[in-house]
Each structure stands twice: as structure tokens, then as C-alpha cells.
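Report on the following structure.
Laboratory data are not the source of any read-out in this text; all were calculated from the coordinates shown. In this text the structure is predicted, and so the values were computed from the model without any measurement. Here the Cβ positions follow ideal geometry from the backbone for every residue, glycine too, while neighbour counts run over all protein chains shown.
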Amino acid sequence: MSTTVSYPQRTRTEVPGPRSQQLNAERAQYVSASVGSLLPVFIDRAEGSILTDVDGNEFIDFGCGIGVTSLGHGNPAPLTAMIEQAQKFTHTLFTITPYELYVTVSRLLTEITPGDFAKKSVLSSTGAEAIENAVKIARAYTRRNGIAVVDHGYHGRTNLTLGMNYKSQPYSANVGPRPGEIYRIPNSYPFQDGLDGAEAARRSIKLLEKISGAENLACLVIEPIQGEGGIVLPAPGYLETLQAWCNEHGIVIIADEIQTGLGRTGKLFASEHFGLVPDLVVTAKAIAAGIPVSAVTGRAEMMDAIPTGGLSGTFSGNPVGCAAAVEVIEQLRQPGTLERTAEIGERIQRGLRELQQRHAVIGDVRGLGALHGVELVQSDGSPNAAAFGVVAKAAAERGLLVMAGGSDGHVLRLLPQLNISDELIDEALHILDEALATL
Ligand code: PLP
């Protein structure tokens, strides 16, 4: 990061600018206050890694709408496929009259997910819906009820997933009783617990044996790398030890790869970094370039456990989304795509570690590929959420969108485009440097 490099002036007005402020006032009148916005600037258009708001301010998009537009805004192949499909038909409902694209996406997912065994898929619309489907499948297959989940995990905002999330606020406050038969275990969080992976897993297994009993557990639902929880990479050995125990006791392993899957970490699925071979893999977000499509893919005998008609919904496997998904998966399989994402990860991580040398507020830098977290801490090492607020605001004022993560809201969560340019990475790191200096 040479000081001689000059970067473009991305913002033209205060942030939010005057037009966004007007729209925010209107929004306050008409949109439920229960819906938040991290950066309340109204977006007019987006291309590649750049968002442009209604005041002409540009933001380097280090969020991708939480890892959705992974191949860049307006990526031509999925966009063209969506338009062509929309001109043919936008909906029939696969459970009324099927169409080939649903089958193609299901097959592609069986090909790219980990595990060398017969697989099938079921498509749905949102991540939380797919998590619910996966749990239903595991319960029907095992004829058991218990669901094991992990501290700092996040799985959605439907009723069942509210019970599976670690944080109650703001998700499940005052909205009624949470569902039962959900057992929570500690994750592996090397920066906070200092445990090696196998040790952390043994601690969790001991707890599960006590509070649930293996024989009551249908499934373990786990993010191989926690996203909302603060980009927490488990110590080596954690997932492997849990996997061995689940396999021994017939507990279905459900990998929530909604945020980490489809190339985000420089491999098709984050599970692959840890040798984890889940029985069921849940995908959503990046699969269809912004159209809501989600899926459960896994062992064929499990995927057939629910009677015909028991899965699906009106919008499940929308054909326009499926057309995009075929192109997204195709691009991810092109030689060089994932290698480039891994390279991006190394560049980002190198830059963040340099920032860590200069800014004492950075306690930890971690991540893989286009998925990184920067844990901000107080001088005693405890979470520093206030610092996140200051840094995110200063970054936005300079034209960089970063997201929050961590159960204490103290982790800068960075999810840039999987094929972002080196120039934009360097510019984003430069902005982060300036933003951290405002603390
Ligand atoms: N699981 C993980 C790991 C997620 O990151 C998310 C969304 O952020 C979900 C589940 C829920 O997905 P959706 O918001 O599409 O319901």
C-alpha cells in the first residue's frame, strides 16, 4: 500500500446523501421499523464490485448482499440466462408441471457437493427454508427429534431457525416460545477459547451426551466456518472429531454452507478445507446471482425419507433462478475461478495483517478466499463493538461497504466478489486503514 498510489474519490456527498435522506424519511413512514439497514444509502445501480447510490456515491461492495452476488453485479452469463428464461416462462411450479432446469440444478449440486455417494437435491427459495427442510429430512430419516447446534451459529429467521440461532436479540425477542429439542454446544473459536480442535470437540460431545444423548439426536447442524458469528474458523480437528462421533451414532451431519459455499472460500464448499463430508449440504445465497433459490443436497436414501408431497412450496426452484444457477455453477467450475478466489484471499489477508501491525484494535484476522473477519478488541482483548460502528461509518464515508459480524457485533465481516480486481482490494484496504485511523 504505497502512499504514492492515488485512489478515486468515490463519495460526492455526505453519507447518506440528500436523496437517500429523503427516501429514509419516506421509508420510516411506510416500511416496518423491524427491518434494518446496515448502510442506509439507497442503491440506484450496481456493476461488478461497485454499488452506486441515488446521490451518485460509489461504494466498493465488500458485502455482496451477504455473499449473494459473488460473481459480481450484472455478471453477463447468469443475467442473460435469466432474461432468456423469463421470456419463456417465469413460473409453472415444479410440483404442478416440472421443467428441466430444476433437474439440471439438482444434478449439478449432486456433482459439486462433497461426498462420493449417490445424492439427490430438493430446491426451495430461502436459506432458512432449506435449513428447515434439511432438519425435516434428518428427522424423518432417523425417526429422532433432537437437533444439535453450535454457539455463535446463525441459521435464519423462521420459527425453527430462531430456536437454532445463538443470539436471541434481535431475532427472537417477544415473538413467542422457541421450538424445543434443540441442544447447543460450544463451537471451536481459537482466538477466544485457545483450545485445539479435538479438545474443543470432545468438550462439545461430552455436553451433548449429557444434555441430549446421542440416541435422541437426528442431526448436527453446523456452519463449517461461522459467518454471522464472526467468520470463525474452527481449529483443525474440531469438525473431524465431531464427524467421527456423529457417524458412529447415526447422527445426520447437516453443513450449513449458505454463506460459505459455492466458491466463497476458494473451494466449492468450506467443508472441503476441513475434510468434512456432510450427509446433507444446504446452499442458498450465491447460487442464483441474486434470485432466491436454495437447496438441500445429500445422501439419496436420506433425501427420499419424506413422503411425496412433503417438501416444496409455491416458489421452490423458480425457473428464472434455476437458469441463473446453471450459469453460476458453470462459472465456478471453470478452471482458474477458485484459484483466483484463493489468491484474492491471500492478498486480503496479507493486507489485513499489515493493518493489524498498525492498529492495536485489531485482535485477530482470519478467513479464507473471499471470506474474512477482523475481530476488533478493547485493550484487554474483549469485544469492541463501538469500534466496529466507527470504522464501518468512516469506511462508508470513503466509499467502502463492510458488514458486521460476531455475536457482540465487533467483527468486520468482509465478503467481496470472488473475482474482484487487485486494484479494488488495495483501495479497500487503504480505506480500511484510514477508517481505523479515525478511532
Ligand atoms: N445460514 C447462514 C449461515 C446464513 O448466513 C444465513 C443468512 O444470512 C441463513 C442461514 C439464512 O438464509 P436466508 O436469509 O436466505 O433465510
**OP:** Apply the Debye scattering formula to the chain, with a single equal point scatterer on each alpha-carbon and no solvent, then give log10 I(q)/I(0) at q = 0.11, 0.13 Å⁻¹.
**Re:** -0.86, -1.22
Original post:
Can you give the FRET efficiency for residue 385 and residue 97, using 1/(1 + (r/R0)^6), R0 = 51 Å, r = Cβ-Cβ distance, to the nearest 0.05?
Top reply: 0.50
Original post:
Of the residues 364, 196, 44, which exhibits the maximal mean-square fluctuation in a Gaussian network model of the chain defined by a 10 Å Cα contact cut-off?
Top reply: 44
Subject >> P(r) histogram, all alpha-carbon pairs of region 76-332 included - 5 Å bins from 0, percent >> reply: 1, 7, 14, 18, 19, 17, 12, 7, 4, 2, 0, 0
**OP:** Take every DSSP beta bridge with both residues inside the chain and express the antiparallel ones as a percent of the total, to the nearest 5.
**Re:** 65 percent
**OP:** Once you've got the GNM for the chain with C-alpha springs shorter than 10 Å, pick whichever of 305, 28, 284 has the biggest mean-square fluctuation.
**Re:** 28
Original post:
When the Debye formula is applied to the Cα atoms of region 322-439, each taken as the same point scatterer, what base-10 log of I(q)/I(0) results at q = 0.13, 0.16, 0.17, 0.19 Å⁻¹?
Top reply: -0.52, -0.74, -0.81, -0.96
Original post:
Order of 403-414, 51-62 by packing, highest average Cβ count within 10 Å first?
Top reply: 403-414, 51-62
**OP:** Any chance you could list P(r) for region 371-437, counting all Cα-Cα pairs in 10 angstrom bins from zero, rounded to whole %?
**Re:** 22, 53, 22, 3
**OP:** Note the direction-averaged projected area, equal to a quarter of the hull surface, for the Cα convex hull of region 78-166, in nm².
**Re:** 8.2 nm²
Original post:
Which ³J(HN,Hα) values in Hz, rounded to whole numbers, follow from the phi angles of region 403-416 under the Karplus curve 6.51 cos²θ - 1.76 cosθ + 1.60, where θ = phi - 60° and Gly and Pro get x?
Top reply: 9, 8, x, x, 5, 9, x, 10, 10, 6, 10, 10, 10, x
**OP:** Report, in deg cm²/dmol and to the nearest 500, the calculated mean residue ellipticity at 222 nm for the chain, where each DSSP H run with n ≥ 4 adds -39500 (n - 2.57) and the sum is divided by the residue count.
**Re:** -11500 deg cm²/dmol
Subject >> Among 33, 255, 342: highest mean-square fluctuation, GNM of the chain, C-alpha pairs under 10 Å >> reply: 33
**OP:** For region 224-239, just list the computed ³J(HN,Hα) in residue order, Karplus coefficients 6.51, -1.76 and 1.60, θ = phi - 60°, integers in Hz, with x standing in for Gly and Pro.
**Re:** x, 10, 6, x, 3, x, x, 6, 9, 8, x, 5, x, x, 5, 5
Original post:
For region 305-439, what is the charge dipole size about the Cα centre, in debye to the nearest 20, if Lys and Arg each add +1 at the Cβ and Asp and Glu each add -1 at the Cβ?
Top reply: 260 debye
**OP:** May I ask what percent, to the nearest 5, of DSSP beta bridges between residues of region 45-200 are antiparallel?
**Re:** 65 percent
Original post:
For region 105-157, what is Rg from Cα atoms divided by 2.2 N^0.38 Å, rounded to two decimals?
Top reply: 1.29
Original post:
Amide H to amide H, which residues 5 or more places from residue 184 or on other chains are under 5 Å from it, using H placed in the peptide plane?
Top reply: 149
Subject >> Per-residue ³J(HN,Hα) for region 380-389, Karplus 6.51 cos²θ - 1.76 cosθ + 1.60, θ = phi - 60°, Hz, x for Gly and Pro >> reply: 8, x, 7, x, 10, 5, 4, 5, 4, x
Subject >> Share antiparallel - DSSP beta bridges, region 76-332, percent rounded to 5 >> reply: 45 percent
Subject >> Charged-residue dipole, Cβ positions (Lys, Arg, Asp, Glu), the chain about Cα centre, Debye nearest 20 >> reply: 880 debye
**OP:** Quote the Stokes-Einstein diffusion coefficient, in whole µm² s⁻¹, for region 192-327, based on the Kirkwood radius over alpha carbon pairs, a temperature of 20 °C and a viscosity of 1.002 mPa s.
**Re:** 131 µm²/s
Original post:
Near the amide H of residue 363, under 5 Å away, which other amide H atoms are found, from residues 5 or more places off or on another chain, if H is placed in the peptide plane?
Top reply: 375, 376, 377
**OP:** Could you work out how far the C-alpha centroid of region 37-75 sits from that of region 149-211, in angstrom?
**Re:** 32 Å
**OP:** Taking H placed 1.01 Å from N in the peptide plane, check which residues at least 5 places from residue 218 or on another chain put their amide H under 5 Å from its amide H.
**Re:** 145, 146, 147
